[in-house]
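Student: Input: one structure, supplied below.
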Amino acid sequence: MNPIFESAENLLNEVNSFAVDSAETLEQFRVKYIGSKGAIKGLFGKMKEVPNEQKKEFGLLVNKVKQSAEAKFEQLKSEFGKSNKSKVEKPDLSLEADINPIGSRHPISIVRNQIVEIFSRLGFVVSEGPEIEDDWHNFTALNTPEDHPARDMQDTFYIQQDPIQLLRTHTSSAQVRTMETQKPPIRIINPGRVYRNETISARAHCQFHQVEGLYIDKGVSFADLKQTLLYFAQSFFGQGTKIRLRPSYFPFTEPSAEMDISCFICNQKGCSVCKKTGWVEILGCGMVEPAVLENCGIDPNIYNGYAWGMGIDRSAMLKYGIDDIRLLFENDVRFLKQFTAA
């Protein structure tokens, strides 16, 4: 027998007898026989040494070796693949589960939702407005004309390209928009982010959150306002909470008042939070100034109402004992994961 033919026959026997018992030996089989530098590739290179009359016979033999090797490789690869797959599909159920950490709501969101829920029991609905406002809705319509000293009470961020536009300093602007487009009775609350050009410290920030309320109807009294706020205070801070109203000034309400709640931290015995007074200031309120109603197209001879506003951030700090407002804006997961929506 021609030695070249004999080497091809021997290679066929090797392929058929090669023992494969693992993925590693299967890879060895592939590299040795059907790889780009394998033995079968070398057989094709010997075709030039075969006499012309025997080339056809030799070619058939080489193809037989190649097909046998490839068929064996594909069969074994499928078998080892099933074996590996079955191993993956059978996890060890005795192992401890790797539980993904569950996120929590931001304290500002928790408190905002609680405030909205409490006032919704009294029939208040949420009304929102844009954070970039114009001078009319933020100041003038609320009885603060250009030369009014009340404008000095709020350090405002104005838009450089258009000084009439500004970042709203309170959510009262949303109340103006509602009164302009809706006829009384009106009963709304306006939660949202507001901005003032203040130095950032533990007690103040240039951005913070407010929620304001407005009720316009016939025959609304200051007593209605007081009872509404008492209901809120006892629902939010606890049934034993007391309130007191102190005279104050706001350009958009008259009469106006600041509302304090009894300190629930020391039970009015005196602590650092209430500054030893037993009371904590929580919001401002008052009866809507008739000029505001006129500016919004509502007849003050027929309708009147009350309004109030509080800081959501301050309420959250009181509720959770947070002593630095900056913590609410730093997005430190170690801080935020303490809170739940309970």
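Student: Could you give the semi-axes, largest first, of the ellipsoid that matches the stretch 140-251, computed as the square roots of 5 times the alpha carbon gyration tensor eigenvalues and rounded to whole Å? Walk me through the intermediate numbers first.
Tutor: Numbers: eigenvalues 151, 83, 38 Å².
Values for the stretch 140-251, descending: 27, 20, 14 Å.
Student: Run the dipole for the chain about the Cα centre, Lys and Arg Cβ at +1, Asp and Glu Cβ at -1, nothing else charged, and hand back the magnitude in debye, nearest 20. Please report the intermediate quantities before stating the final value.
Tutor: Details: 40 positive and 44 negative charges, 266 e Å.
With only Lys, Arg, Asp and Glu charged at Cβ, the dipole is about 1280 debye.
Student: In debye, nearest 20, what is the charge dipole magnitude of the stretch 3-88 about its Cα centre with +1 on Lys and Arg Cβ and -1 on Asp and Glu Cβ, if you could check?
Tutor: Numbers: 15 positive and 12 negative charges, 76 e Å.
Rounded to the nearest 20 debye, it is 360 debye.
Student: Something else about it: At a Förster distance of 56 Å, what's the computed FRET efficiency of residue 79 paired with residue 52, Cβ-Cβ distance as r, to 0.05? Each step should come with its number before you reach the end.
Tutor: Values: r = 42 Å, r/R0 = 0.75.
Between residue 79 and residue 52 the formula returns 0.85.
Student: How large is the Kirkwood hydrodynamic radius of the stretch 137-201, in angstrom, based on all distinct alpha carbon pairs?
Tutor: Details: mean 1/r = 0.0756 Å⁻¹.
Every distinct Cα pair counted, the radius reaches 13.2 Å.
Student: What's the local net charge at residue 24, with K and R +1, D and E -1, over the other residues with C-beta under 15 Å away?
Tutor: Numbers: positive: 30, 32, 77; negative: 21, 27, 79.
Result for the neighbourhood of residue 24: 0.
Student: Viscosity 1.002 mPa s, temperature 20 °C: give me the Stokes-Einstein translational D for the stretch 200-342 in µm²/s, with Rh taken as the Kirkwood radius over C-alpha pairs.
Tutor: On the way: Rh = 16.8 Å.
D, rounded to a whole number, is 127 µm²/s.
Student: Moving to a separate point now. Can you sort 285, 296 from fewest to most other Cβ atoms within 10 Å of each residue's own Cβ?
Tutor: 296, 285
Student: Report the dimensions of the chain along its three principal axes from the alpha-carbon atoms, largest first, rounded to Å.
Tutor: The Cα atoms of the chain stretch 122, 50, 37 Å along their principal axes.
Student: Lysines within cross-link reach of residue 226: Cα-Cα under 20 Å, excluding same-chain residues under 8 positions apart?
Tutor: Cα-Cα hits under 20 Å: 218, 242.
Student: Could you line up 323, 313, 135 from fewest to most neighbouring Cβ atoms inside 10 Å? Could the numbers behind the result be given before it?
Tutor: On the way: 323 10, 313 23, 135 18.
Exposure proxy ranking, most exposed first: 323, 135, 313.
Student: Run the Debye formula on the Cα coordinates of the stretch 3-88, all scatterers equal and no solvent, and tell me log10 I(q)/I(0) at q = 0.10, 0.12, 0.18 1/Å.
Tutor: One equal scatterer on each Cα of the stretch 3-88 leads to -0.29, -0.40, -0.75.
Student: Still on this structure: All other residues with a Cβ under 12 Å from the Cβ of residue 201 taken together, and with Lys, Arg as +1 and Asp, Glu as -1, what is their net charge? Could the numbers behind the result be given before it?
Tutor: Working: positive: 203, 326; negative: 198, 323, 324.
It works out to a net charge of -1.
Student: While we're looking at this one, here's another question. Quote the relative contact order of the stretch 3-88 in percent (integer), defining contacts as alpha-carbon pairs under 8 Å separated by 6+ residues.
Tutor: Numbers: 55 pairs, mean separation 32.0, N = 86.
Taking the mean separation of contacting Cα pairs over the length of the stretch 3-88, I get 37 percent.
Student: Can you pull the one-decimal nm distance between simple spin-label points at residue 199 and residue 160, each 7 Å off the Cα toward Cβ?
Tutor: 2.4
Student: Whole-Hz Karplus ³J(HN,Hα) for the stretch 328-338, in order, using 6.51 cos²θ - 1.76 cosθ + 1.60 and θ = phi - 60°, x for Gly and Pro?
Tutor: 6, 10, 8, 6, 7, 4, 4, 7, 6, 6, 6
Student: Rank the residues 215, 158 as a footprinting-exposure proxy: fewest other Cβ atoms within 10 Å of their Cβ go first. Write out the running numbers ahead of the final one.
Tutor: Values: 215 23, 158 13.
Ranking 215, 158 by Cβ neighbours within 10 Å, fewest first, gives 158, 215.
Each value in this text was obtained by applying a stated rule to the coordinates, not by laboratory testing. What you are looking at is a predicted structure, and each value in this text was computed from that prediction instead of being measured. In this analysis, Cβ positions are derived from the backbone assuming ideal geometry, glycine residues included, and neighbour counts consider all displayed protein chains.
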